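A.B. asks: Input: one structure, supplied below.
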Amino acid sequence: MAGLERWLKLVSRNKALLLMVLPGTVWFFFFSYLPMPGAIIAFKDYKFSRDGFLASIIQSEWLGFKNFEFLFKTEDAYIIVRNTLLYNSIFIILGTTLAVTVAIVIHEIANKKMAKIYQTGMFLPHFLSYVIVSYFVFSFLSVDKGVLNQLLQYFGVDPIYWYSETKYWPYILTIVNLWKGVGYGSVVYLAAIVGIDKSYFEAAMIDGASKWQQIRKITIPMIMPIIMIMFILAVGGIFRADFGLFYQVPRDTGALYPVTNVIDTFVYRGLKVTGNIGMSTAAGLYQAVVGLVLVLATNFIIRKINKEQALF
């Protein structure tokens, strides 16, 4: 009874904070935790029944790990895993570096009105759908009317068939991803920089430290815990590719599959052809489990290096 009273007092004392996290808690409960039992579909030959969803799961035949074989035994297994890992690794490294750089640059701009304009301009691409972005990219890369090919022709260079040449697309996809995501990613780091005690910078200025020295000795070390937390969370999603980026931007062009096909697009195309819901569930479960393992492993390594910078 004493434990219950202590718990109620704790809830009463922190009710304002609990109310703030309540919407997020409800969202996660209904859309993340409540559907978890449905992961059993990954181990079944799911067939829809008129008796309802639960009846469909119960009546479907148990297959074990056969649904996972679709991912690991296909000829494209190496290509899709390689592309997913390499692209996401590049996105994490370059995205984190550029987001931190942008946050520092915006913070150092003396004219705060201009700083807000720059920040808003870099933030806007995040809200654009990849369907719209794909048309932007096409307007640059179109063989006949594309801006880049028109510039090449102006200088006497033959037009490039961008949607047939695989060698350009790792760079194109990386540029598009950074253009769309860096502004949004910089918001967290900018908030962390703003929260640094100004007395540190004032003391550094009195000691004659330059701007670069202040950034290197104060700003970056002070926001390093946030950088590590964001890095750990990003590593957890390294097996999840942005479907819109890899499907819409290359316009689902078959010639580009060797460099644009990732786990998510491969599963989507397989689902369209076979209609195998169990296979797509198996892919999602595989990505979730691997992501969990990577988060735990990354956090363990960072905790060993610096306990204060670990996520938990």
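A.B. asks: Restricting the search to region 238-293, which residues are in a helix (DSSP H, G or I), under 16 Å from the mean Cα position of the chain (by Cα) and β-branched (Val, Ile, Thr)?
C.D. replies: Listed by number, the residues that qualify are 263, 265, 290.
A.B. asks: On to the next question. Suppose we keep only residues that are surrounded by fewer than 16 Cβ atoms within 10 Å (Cβ to Cβ), touching a helix residue (DSSP H, G or I) at 6+ places or on another chain (Cβ under 9 Å) and not in a helix (DSSP H, G or I) within region 52-75. Which one would you say is modelled with the lowest pLDDT?
C.D. replies: 74
A.B. asks: Further question on the same structure: Hey, can you tell me all the residues within region 128-162 that are without any contact (Cβ under 8 Å) to a residue 40 or more places away in the chain, open to solvent by less than 70 Å² (accessible area, probe 1.4 Å), touching a helix residue (DSSP H, G or I) at 6+ places or on another chain (Cβ under 8 Å) and in a helix (DSSP H, G or I)?
C.D. replies: Listed by number, the residues that qualify are 139, 141, 147, 148, 149.
A.B. asks: What is the residue count in region 163-210 for residues that are touching a Gly at 6+ places or on another chain (Cβ under 8 Å) and open to solvent by 40 Å² or more (accessible area, probe 1.4 Å)?
C.D. replies: Within region 163-210, residues that are touching a Gly at 6+ places or on another chain (Cβ under 8 Å) and open to solvent by 40 Å² or more (accessible area, probe 1.4 Å) number 0.
A.B. asks: Provide a single number: the residues in region 1-49 that are farther than 19 Å from residue 278 by Cα and not in a helix (DSSP H, G or I).
C.D. replies: Of the residues in region 1-49, 2 are farther than 19 Å from residue 278 by Cα and not in a helix (DSSP H, G or I).
A.B. asks: Filter region 76-101 for residues that are surrounded by 19 or more Cβ atoms within 10 Å (Cβ to Cβ) and farther than 30 Å from residue 225 by Cβ and give the result.
C.D. replies: Scanning region 76-101 gives 80, 83.
A.B. asks: For residue 93, indicate whether it is among the β-branched types (Val, Ile, Thr) and either farther than 30 Å from residue 182 by Cβ or in contact (Cβ under 8 Å) with a residue 40 or more places away in the chain (or both). Walk me through how you get there before you give the answer.
C.D. replies: Numbers: among the β-branched types (Val, Ile, Thr): yes; either farther than 30 Å from residue 182 by Cβ or in contact (Cβ under 8 Å) with a residue 40 or more places away in the chain (or both): no.
For residue 93, the condition - among the β-branched types (Val, Ile, Thr) and either farther than 30 Å from residue 182 by Cβ or in contact (Cβ under 8 Å) with a residue 40 or more places away in the chain (or both) - is not met.
A.B. asks: When region 273-290 is examined, which residues are found to be open to solvent by 30 Å² or more (accessible area, probe 1.4 Å), over 16 Å from residue 63 (Cα atoms) and among the polar types (S, T, N, Q)?
C.D. replies: 274
Yes/no matrix, rows are residues, columns are (1) touching a residue at least 60 places away in the same chain (Cβ under 8 Å); (2) among the small types (Gly, Ala, Ser); (3) under 22 Å from residue 82 (Cα atoms):
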residue	(1), (2), (3)
187	yes, no, no
197	no, no, no
210	no, yes, no
224	yes, no, no
233	yes, no, yes
237	yes, yes, yes
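A.B. asks: Looking at residue 139, is it under 23 Å from the mean Cα position of the chain (by Cα) and either among the polar types (S, T, N, Q) or at pLDDT 95 or above (or both)? If you could, list the steps in order and put the result at the bottom.
C.D. replies: Numbers: under 23 Å from the mean Cα position of the chain (by Cα): no; either among the polar types (S, T, N, Q) or at pLDDT 95 or above (or both): yes.
Criteria not met by residue 139.
The values are calculated or read from the model by the stated rules, or taken from the named source; none is laboratory data. Predicted, not measured: the structure shown is a model, and the values here were computed from it. In this analysis, Cβ positions are derived from the backbone assuming ideal geometry, glycine residues included, and neighbour counts consider all displayed protein chains. Protein only, heavy atoms only, side chains kept; ligands, DNA and RNA dropped before computing areas. Shrake-Rupley method; radii C 1.70, N 1.55, O 1.52, S 1.80 Å.
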